[in-house]
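Only one structure is covered here, and it is reproduced in the block below.
Since every read-out is calculated from the coordinates, none of them should be taken as a lab result. What you see is a predicted model, and the numbers here were worked out from it, not measured in a lab. Because the Cβ atoms are built from the backbone with ideal geometry, glycine has one as well, and the counts that use them run over all protein chains shown.
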Amino acid sequence: MTNPDQPSQPSGLPAAIAAYTIWGFLPLYLVLVSKVPPAEFIGWRIIWTLPICLMIVLVRRQIPDLRAALANRRAMLVLAASSILIAVNWFVYVWAIQAGEIYAASLGYYINPLVNVLLGTILLKERLSRRQWIAVSLAGAGVAVLLAGALTTLWISLTLALSFGTYGLLRKQVEVGSLPGLTIESAILLPLASGIALWFAQGPSGSSFGGELWLSLAIMLGGVVTAVPLLLFAVAARRMDYSTLGFIQFLAPSIVFILGLTVFDKPLLPAQMASFALIWSAIAIFVWDMVQRRGRKPVAI
């Protein structure tokens, strides 16, 4: 998976694990804002993400980096495309959780690593070892088992997988730091987000923000739970092989599946149990291969 001509950058692994763990537990947060319509919540989520990013930019003294990105035409075009992709991903995921489609949302992020592997091998010319191809095949079989029992909600899963897989690929290619990039994406989406919030505020039910104190605070928290994992993901995507990053992503949907069984009390079907067995076997093989390959390399000083 790792190009032997390039230095190893293991520091991307903790960021990836942290990002996917936060995303795995995200449905618990969405329970707090379940009264907010998905479109309105996404609007407020974008609105509150931008000031948090700007504050971090100031603290880290990255204003020059932000200005450089704004002056880079190619970077701005890529970030405009990535902002649309992440907005679509957010909306579909929030809608799915609020609609009770927990396993469909989880399945989307089980498919996503396979999308990452496909993009990494075809577009980025990353190479897989024999064991890693075995792992990919097992994971693909596990996803296929789930797909067979989820045809009616397949659009949810595919939209989540393709939108986030392409988003990560774009962020890996653009020469913009993780924090300035997310700040610009949020700024690009701000006019649309503000329009959505205003439209709901003028509706018969009024705005969800500014009424109940606890709900308003929960909506504001959306900026934190959006900015932090996306920043961690952007860091990981720039420091790791994209295919490797994809397999670590199995952590998030596995947490969501467990939440579906426990917190959301969703029944687990035999096909889903079989899928779990196949996917975790794939993860075990993949991790085993990574450990062995790292063990054969000299330790960087």
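Each residue in Lys35, Lys125, Lys266 was given a count of other beta-carbon atoms within 10 angstrom of its own, and listing them fewest first yields Lys125, Lys35, Lys266. For the stretch 16-24, putting each phi into the Karplus relation 6.51 cos²θ - 1.76 cosθ + 1.60 with θ = phi - 60° gives couplings of 5, 4, 5, 4, 6, 5, 4, 5, x Hz, in residue order, rounded to whole numbers and with x for Gly and Pro. Neighbours of Ile46, meaning other residues whose beta-carbon lies under 13 angstrom from its beta-carbon, give a summed charge of -1 when Lys and Arg score +1 and Asp and Glu score -1.
Arranged from fewest to most other beta-carbon atoms within 10 Å of their beta carbon, Val291, Val256, Val57, Val263 become Val291, Val263, Val57, Val256.
Using 0.36 nm per residue, how much length does the chain from Thr152 to Val263 gain when fully extended, once their Cα-Cα distance is taken away? Kindly include the intermediate steps, with their values, before the conclusion.
Working: separation 111, 0.36 × 111 = 39.96 nm, distance 2.36 nm.
Extra length available between Thr152 and Val263 comes to 37.6 nm.
Rounded to the nearest 500, what is the 222 nm mean residue ellipticity of the chain from helices alone, with -39500 (n - 2.57) per DSSP H run of 4+ residues and division by all residues?
On the way: 13 runs with 232 residues, N = 301.
One gets -26000 deg cm²/dmol as the mean residue ellipticity at 222 nm.
Here Lys172 is the anchor, and the aspartates and glutamates within straight C-alpha reach of less than 15 Å, apart from those fewer than 8 places off in the same chain, are Glu126, Glu185, Asp241. Note on the stretch 12-295: dipole from Cβ charges, positive end direction compared against Ala69, Ile111, Ala252; the farthest Cα belongs to Ala69.
Please identify, among Gly120, Gly168, Gly195, the residue showing maximal mean-square fluctuation in a Gaussian network model of the chain using a 10 angstrom Cα cutoff. Among Gly120, Gly168, Gly195, the largest GNM mean-square fluctuation belongs to Gly195.
Going by Cα centres, the stretch 170-220 and the stretch 5-79 are how many Å apart? Each part reduced to its Cα centre gives a spacing of 12 Å.
Please give the contour-minus-distance gain from Val228 to Met55: 0.36 nm per residue of separation, less the Cα-Cα distance, rounded to one decimal in nm.
61.0 nm
Estimated at 0.36 nm per residue, the fully extended path between Ala271 and Ile134 surpasses their Cα-Cα distance by 47.2 nm.
Note on the stretch 12-295: with charges restricted to the Cβ of Lys and Arg (+1) and Asp and Glu (-1), its dipole about the Cα centre is near 900 debye. With a simple spin-label model that places each label point 7 Å from the Cα along the Cα-to-Cβ direction, the separation between Trp280 and Lys35 comes to 3.8 nm.
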